[in-house]
Amino acid sequence: MSSTAAAAAEPESAQPETQAKPEGSGKKPSLIDEFREVRYEVDIQVGQAVRSLEKILQIKAGDIITLDRPAHESVILTIEDIPIALAEVVTSEKGSSIQITEVGSGE
């Protein structure tokens, strides 16, 4: 069982989104420029736990499930299930957020 949260407050979609370029801008965008506009869902992995189906069916409100990562340890930022960075959970004016602590890291 994986515990993840969407990091962006934008609506989810099954396919990556692209933003249209204004017509008549004169310069044709390069392929790399086109890829820069693709939007991906960012997931934050807090930890994992493995349980039997019997235990899963017995879950009720108030139960505590121990994860494989200590509470003080960094969370993993992933894009398309690929670890991209490590981060810490912080509180901001808009609610819970993450602060990147290390880029290019993962498990």
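Within the group 93, 80, which residue is within 11 Å of the chain's Cα centre (by Cα) and surrounded by fewer than 13 Cβ atoms within 10 Å (Cβ to Cβ)?
Result of the check over 93, 80: 80.
Hey, among 21, 55, which residue is out of contact with any Ser or Thr (no Cβ under 7 Å at 6 or more places or on another chain), modelled with pLDDT of 90 or more and among the basic types (Lys, Arg)?
Sole residue among the options that is out of contact with any Ser or Thr (no Cβ under 7 Å at 6 or more places or on another chain), modelled with pLDDT of 90 or more and among the basic types (Lys, Arg): 55.
The values are calculated or read from the model by the stated rules, or taken from the named source; none is laboratory data. Quantities reported herein were computed from a predicted structural model and do not represent experimental measurements. With ideal geometry, Cβ positions are generated from the backbone for all residues, glycine too; neighbour counts draw on all protein chains shown.
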